Every structure is written in structure tokens, then in C-alpha cells.
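Structure, as C-alpha cells:
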Amino acid sequence: MGLREQLFAVKSIQILEAEMASDNRLRRVLGPVSLTALGVGAIIGAGIFVLTGLAAHDYAGPGLMLSFVVAGIGCALAALCYAEFAAMVPVAGSAYAYAYATLGELLAWIIGWDLVLEYAVASSTVAHGWSHYFTAFLGLLGITLPAAWTASPIDFNPATATWGPTGAYCNLPAFLVVLFITGILVIGIRESARFNAAMVLLKLAVVLFVIVVGSAYIRVENWRPFLPFGASGVFKGAAYIFFAYIGFDSVSTHAEEARNPQRDVPIGIITSLAVCTVLYILVAAVLTGMVPYQDIAIDAPVARAFETRGLPVAMFLVSLGAVVGITSVLLVLLLSQARILLALARDGLISHRFFGEVHPRFRTPHRATILTGVLVALVGSLFPLKLLADLVNIGTLFAFVIVCAAVLIMRRTNPQQPRPFRTPFVPLVPILGILSNFGMMCALGWENWLRLFVWLAIGLVIYFVYGRHHSKLAASVAAAAPARQGARR
Ligand code: ALA
């Protein structure tokens, strides 16, 4: 098979469907409520509990509410496109599988590699955010961890606009929590629907508590001026706070386990996103109403807002809920990461022997899980939160742009393919999805573009050195070619 032919080789929907019918697949047990709960479980975490602080303080002020609206619109447009694919190609690989079916092997690999960035680096970010609430929570119990062990060793100093050492060694809580969750995943506690449902209820209870109790402490004057950093601050805030929405797309990684994926995965994606959007806008309103934006804490903003207003018990409850709630996000993200690696390994683009191997006793992909866990723990404990969040955001926004574009392409290349869920108003919705998500990428600044390019360049090297030569699709096409020629003769 020639290079050009291979780079654009698409995995037909028939191949994907045949793979799904093989016995080596996951069990179909999830209904619409479980799928929505999985979405909410993956969405509500460090973004709303931690990143809101910096977004309000440095970027948007009370206009953070609008930042959530802007980011929510970009996500909603992408969600409608994800839903069409998830219903049409209900397999585990999410955007990677969609790209393989539409855009060819090279772009599929780029997206798969990009999803590794999304899930692995997001796990590091969430672990780092978790450590802020964990430290605040221990503080409430009278335990103070040494500062040198709760921060990253390097950080950006806005005053001098330079990177430099902070004097800290590493963020030990972030490191340890990732190893702990990795251990659980290796032993094989699946994210049982019941465990996840309990987590989701707890998180929703904490978020509703913040909204209901906090709203009694809103001072309307804190919302003035509403846009202290102007419209550009709202957009910068949106590009940063976008992180809080990441996770709805992980519903599509569960398509293979859905009882009725054609109907329920779109429901799960759209409902979980809609619920979280409403809650986020309300939390932003409460947070910026309770505390003047200049005084909002960066590390554990939601809990500290209650402390500032003299509500220590509320602070305790919010901190506890945040620690538990963010832990569950970490679990789902690390699990989704394992699924993406499994999808890449099944297609031969990364080593199946290493990433696809299943532990004889625990029946989990232990090597991939441990390797991912160690890397995620190191990155989360050594790098600052904002750097990690920005990197995840640009990578995920890029994936969203490609999924929106893929809907447009697929409508042309495979118009007859049954689409149980159709993105409405095509081409308008995908085009607006591309523009809004690309717009947020632009708001993230050139440094993040550079980091994204470096990440993608590393991915290309891996593809040309390994993946291209081990691709199962290329091998099957090459094997079929002589047979076809023979038949013609
Ligand atoms: N949306 C997830 C969070 O905020 C990743 O933690």
C-alpha cells in the first residue's frame, strides 16, 4: 500500500460494525440515566471548584457568568456533532474512531494522540486541582502540610513575565492521589454504575448547596463593574474555563457499553452538558456575588468564599464534597484514557503487546494503566495548574474542531449511511462549532499553540516510526489487494 493511500485510508463503517459484533467487546449494560450520570461524573470537578478562581480574578470578574455561556455554546455545538457520530459509529474510540471512518488513518492518529493529551494531561490537571482542596480540607482539621511539598517546583511569574523556580519540591498530594487511583484501576474496580451514581449525587448536592446557601450571601454591588476586563476578558475566561466542560465527550467513549447507543448516547451527551451549563452559570453568579472578584481565592475559591463570609461549616462541607467529587473525575478520566489507548492498540497504531495486554488475574490493561498513572502523577506534581489546563484546553478544542468538520465531510462522503441522530441545521451548526471552538483556541495565546504543535510533532514521529508499519487496516487492505487482482483476472 502506497504512503498516500495509507495516510488517507478510512476504516469503513462496515469494518467498525463488524469489529463491534466480535466477541471481544465490552458488555452493553448502560441506559440513558447511567450515561448521563457518567457524563456529569466526568464533567463536574476541578474546573468549577478550582479554575473559576483564576478565571474570575485575572480574566473575567463577574463576567465569568458570560464566560461560561460562551464556552457552553462552543461545547453545545460540538456536542451536537459528537452525538451524530456516537449514534452512527457507536464504538469505544470516540473522536478517534470517527476520524478513522471519515478522514483517514493519519488524521485519526493525530486525533487519537490528541485525545491522549486531553485525557492524560487533564488527569494531571485534575489531580493538581484536587490537591488544593485536599490541603484546604486538612487545614480545617488543623493539619498543615509543608508548602514545599504542596506546590509545583516551577511556575510563571506574571510580574516579571518569566518562568522560574518556586522553591517547592513537588506537589506530593497530587502525585499520591494519582498512584492511588491507578492502583484501583489496575485491580479492576470498574466504575460501577452504582458507585458513579453515588458520586454524581454527592457532587450535585454540593453544587446545589453552593447555589442555594451562597445565593443568600450575594451582594449585588460585587457584580459592579460587571466586565472589569472588557469583552476580551470574557473570551479569555471562556477559553480557560472551557476545562470545566471537558468530560461530556467521554460519554461517547462508553458507546460500546450502551444498551441502545443510537438513542441513549446522544441523550447522555446533550443532557449532561445542559445540566452542567446551567449549574456552572449559577455557581459563577454566586461566587462573584459573594466575594469581590479581586478577593476571590485562586486555590480553593468556592470553599474560601464561604470562609470569607464567616461560614466555616459550609466551607467544611464544600471542601469535603469537592475532594470526593474531584476524585471521581480523576477516576473517569484515567479510565477513558485506558480506553483510548486500547482503541489505538487494537488498530496496531501503538504496541498491542504492551498497551493491549490484559493482566491474567485482574483482567485489566495493567501495563498501560501503570505507565499512564506514573506519567500523569509526575506531570501533575511537577507542573503548574494553569499551564496544564491551557494545554488540555487547546488539545480538546482542536478535537472538537475536527469532529465538527468530520460531520460536514461525512454528510458528503457517506450521505446514505443511517444516522439515528442527525446534527440539526447542517452545515450551520458544524460551521459555528468550528468557528467558536477555533476562536477559543485563538484566545489561548501562541505559547499554547506551540505546545500543541510540539505534542502533535511527537505524535507524527511515533506514527511514521511505528504506527504506519503496524497498522491493522493497512495490513488488511494489502492482504485483500492480491485477492481482488486475482478475481479480476
Ligand atoms: N471537567 C472536568 C473538571 O472540571 C475535567 O474537572
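The values are calculated or read from the model by the stated rules, or taken from the named source; none is laboratory data. Computed from a predicted model, the values in this text were never measured in an experiment. Quick reminder, even Gly has a Cβ in these numbers, built from the backbone with ideal geometry, and neighbours come from all protein chains shown. Only protein heavy atoms, including side chains, enter the accessible area calculation; ligands, DNA and RNA are left aside. Shrake-Rupley method; radii C 1.70, N 1.55, O 1.52, S 1.80 Å.
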For every helix of n ≥ 4 consecutive DSSP H residues, a contribution of -39,500 (n - 2.57) applies; sum these over the chain, divide by its total residues, and give [θ] at 222 nm rounded to the nearest 500 deg cm²/dmol.
-21500 deg cm²/dmol
Within the accessible area of the chain, what % is carbon and sulfur when the probe is 1.4 Å and the other protein chains stay in place?
69 percent
What shape does the stretch 184-271 have by the C-alpha gyration tensor, where a ≥ b ≥ c are the square roots of the eigenvalues, rounded means a/c under 1.5, and otherwise prolate means a/b greater than b/c and oblate the rest?
prolate
Can you list the HN-Hα couplings for the stretch 146-156, worked out from phi with the Karplus curve (6.51, -1.76, 1.60; θ = phi - 60°), rounded to whole Hz and with x for Gly and Pro?
x, 4, 5, 10, 10, 9, 7, x, 10, 7, 8
Along principal axes, largest first, the alpha-carbon spread of the chain in whole Å comes out as 85, 48, 46
What figure, in Å² to the nearest 10, do you get for the accessible area of Val291 with a 1.4 Å probe and non-protein molecules left out?
0 Å²
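Let me know the shape class of the stretch 292-425, please: from the alpha-carbon gyration tensor, a ≥ b ≥ c as square roots of the eigenvalues, rounded when a/c is under 1.5, otherwise prolate if a/b is greater than b/c, or oblate.
Values: a/c = 2.44, a/b = 1.43, b/c = 1.70.
Oblate is the answer for the stretch 292-425, as a/c is 1.5 or above yet b/c matches or exceeds a/b.
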Calculate the dipole size of the stretch 3-484 relative to its Cα centre from +1 charges on Lys and Arg beta carbons and -1 charges on Asp and Glu beta carbons; express the result in debye to the nearest 20.
920 debye
